[in-house]
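Report on the structure given below.
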């Protein structure tokens, strides 16, 4: 009973946020709507007793990643409503429509084709004993999925180094620029 | 069973009543504490600067903050023409709500005995309960989550004002908060590894055996120092208050705010100071731990907790009165090149120590390996920093 109410409220929050992300005209409003969706998902995690994932969801996604989005939006000064007709790729609209309809169809097919969504397997993030939440997650992350984990962190390091290299000022400047 | 014993045998109306009482008491306590914190800060700074400070409203100027608060209510509420109406109104509430929520996990009292995890309860209306608003399984992570959401309050306030100085202030603030959150988080993790739990109640229960069991001692002072510096930066307190550097940015992110909205930012800022002090006491200084003398036994831990928090409030004011503001590049250097490597190294050292203890490794070999790793990592880091400095100097000479 309580679970159902929590699920419905959180689902409404998620979907409203998700719709808001694409419908809001102002990029900053879109980013805020994304935060709302992430909060809804965090609530879903809590109702599945995956407390740690919920906390990480808020700390990492809402707290760091969307803040970076906002940072970029504010620094680039694109934080006003823009006319989307100007400068858009001509095929983009149709491609977006095709992908949207395609993924909707796929989701619908999955809902219809799977008659019993309950697998009966215990969740990895949500624990039976609530204190063991972090321990179980760490165990699976550092034993079964250790290579995937390390490769992901390697990927992030490469991305950071790439960003630093790209962001560095060029050492040699053109003569007319050097005087500034 | 973990968590608050109040909910162990189902939830009835009395439980809900106790919960409501706790929330109201915590809310009222924070508001009143904020009021006196503002007075305390002004009075202490004026003492340190050989001034008198507020002394007209009430005895020793005690009612000055109350008078200021009432004045805020009656001021006109301005909104700049360029402001984004919705976000402009939302931002102060984000700041205030996150500031209130993070205090919920602080255990403010209860007698903790030497046995971890079993005590620290008090009896209210015939029910056993913890003296903290909430003891969620994620415990201390709620603080990190709330402090990362609090960034939105500052960032959106600056952006939605539709004005230049607030925007610069808020961009500075968010960059600063993101940089220092890493160091803050890692010093929290050091404590979590030692305690083996995220719950603040259990963290406090682990420190109940006297000063030598406090995590200040067992984690070896460094996580505490890193936490103190990073917390000061997270709070945008001096010497890290570049966010509202008056000489450069007028008032920073809240330049365009007036009336009660400004008061909400102010409230959030001072409440966060109190919460951070309380968290430091919880993580490193045993929370409400202390000797119990006579009379009411449940009374003493709360007294000890309050006195420890007072010491940190004093330290924060002391910082403000004595330290000059850092330059922005110094701020970033301190965060990324000193605090993060230091706390990372100390975190690995503590993990190694714990692993050695639980697996019974040879301690000479373990510490020799640790020293080798430190030497290698330190050399690599210093080489990298030197190379970075050289490249920076070369760039600025060429330009």
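Indicate the gyration tensor shape class of chain B (rounded, prolate or oblate), computed on the Cα atoms with a ≥ b ≥ c the square roots of the eigenvalues: a/c under 1.5 is rounded; otherwise a/b larger than b/c is prolate and the rest oblate.
oblate
Translational diffusion coefficient of the stretch A:1-79 at 25 °C, 0.890 mPa s, Stokes-Einstein with Kirkwood Rh over Cα pairs, in µm²/s as a whole number.
Value of D from the Cα-based Kirkwood radius: 188 µm²/s.
Could you line up B:250, B:273 from fewest to most neighbouring Cβ atoms inside 10 Å?
The most exposed by this proxy come first: B:250, B:273.
Which shape class, rounded, prolate or oblate, goes with the protein assembly as shown when its Cα gyration tensor gives a ≥ b ≥ c as root eigenvalues, a/c under 1.5 marks rounded, and past that a/b bigger than b/c marks prolate?
Rounded shape, in that the Cα axes give a/c under 1.5.
What FRET efficiency would be calculated for the residue pair residue A:72, residue B:82, taking the C-beta separation as r and a Förster radius of 30 Å, to the nearest 0.05?
0.90
Can you compute the FRET efficiency between residue A:98 and residue B:93 using 1/(1 + (r/R0)^6), with r the Cβ-Cβ distance and R0 = 45 Å? Round to the nearest 0.05.
FRET efficiency, residue A:98 to residue B:93: 0.65.
Mean residue ellipticity at 222 nm from the helices of the protein assembly as shown, using -39,500 (n - 2.57) per DSSP H segment of n ≥ 4 over the full residue count, to the nearest 500 deg cm²/dmol?
-21500 deg cm²/dmol
Taking the alpha-carbon centroid of each part, what is the distance from the stretch B:16-85 to the stretch B:209-234 in angstrom?
Answer, in whole Å: 29.
At 20 °C and 1.002 mPa s, what whole-number value in µm²/s does Stokes-Einstein give for the translational diffusion of the stretch B:239-315, with Rh from the Kirkwood sum over Cα pairs?
Rounded, D is 144 µm²/s.
Once R0 is set to 45 Å, what does the formula 1/(1 + (r/R0)^6) return for the Cβ-Cβ distance between residue B:62 and residue A:65, expressed as a FRET efficiency to the nearest 0.05?
Step by step, r from the Cβ atoms, then E = 0.50.
In which sequence would B:392, B:367, B:257 go, from the one with the fewest C-beta neighbours within 10 Å to the one with the most?
So the ranking, lowest neighbour count to highest, is B:392, B:367, B:257.
Express in whole angstrom the spacing between the alpha-carbon centres of the stretch B:121-200 and the stretch B:298-351.
One Cα centre to the other: 15 Å.
Suppose each label sits 7 Å from its Cα in the direction of the beta carbon; what would the residue B:52-residue B:213 distance come out to in nanometres?
With each label point 7 Å from Cα toward Cβ, the separation is 5.1 nm.
Taking 0.36 nm per residue of separation and subtracting the Cα-Cα distance, what length does fully extending residue B:164 through residue B:396 add?
80.7 nm
Give the peptides B:328-339, B:31-42 in descending order of average Cβ contacts within 10 Å, highest first.
Output ranking for B:328-339, B:31-42: B:31-42, B:328-339.
Would you calculate the separation in nanometres between label points at residue A:152 and residue A:165, each defined as 7 Å from the Cα along the Cα-to-beta-carbon direction?
2.5
Assuming a viscosity of 1.002 mPa s and a temperature of 20 °C, what translational diffusion coefficient in µm² per second does Stokes-Einstein assign to the stretch B:234-373, Rh being the Kirkwood radius over Cα pairs?
113
Is the shape of the stretch B:126-192 best called rounded, prolate or oblate, per the rule: a/c under 1.5 gives rounded, else a/b larger than b/c gives prolate, else oblate, with a ≥ b ≥ c the square roots of the Cα gyration tensor eigenvalues?
oblate
Values in this text are rule-based calculations from the coordinates and carry no lab data. Everything quoted here is computed from the prediction, not taken from an experiment. A quick note on method: Cβ atoms are made from the backbone with ideal geometry, for glycine too, and the neighbour counts reach across all protein chains shown.
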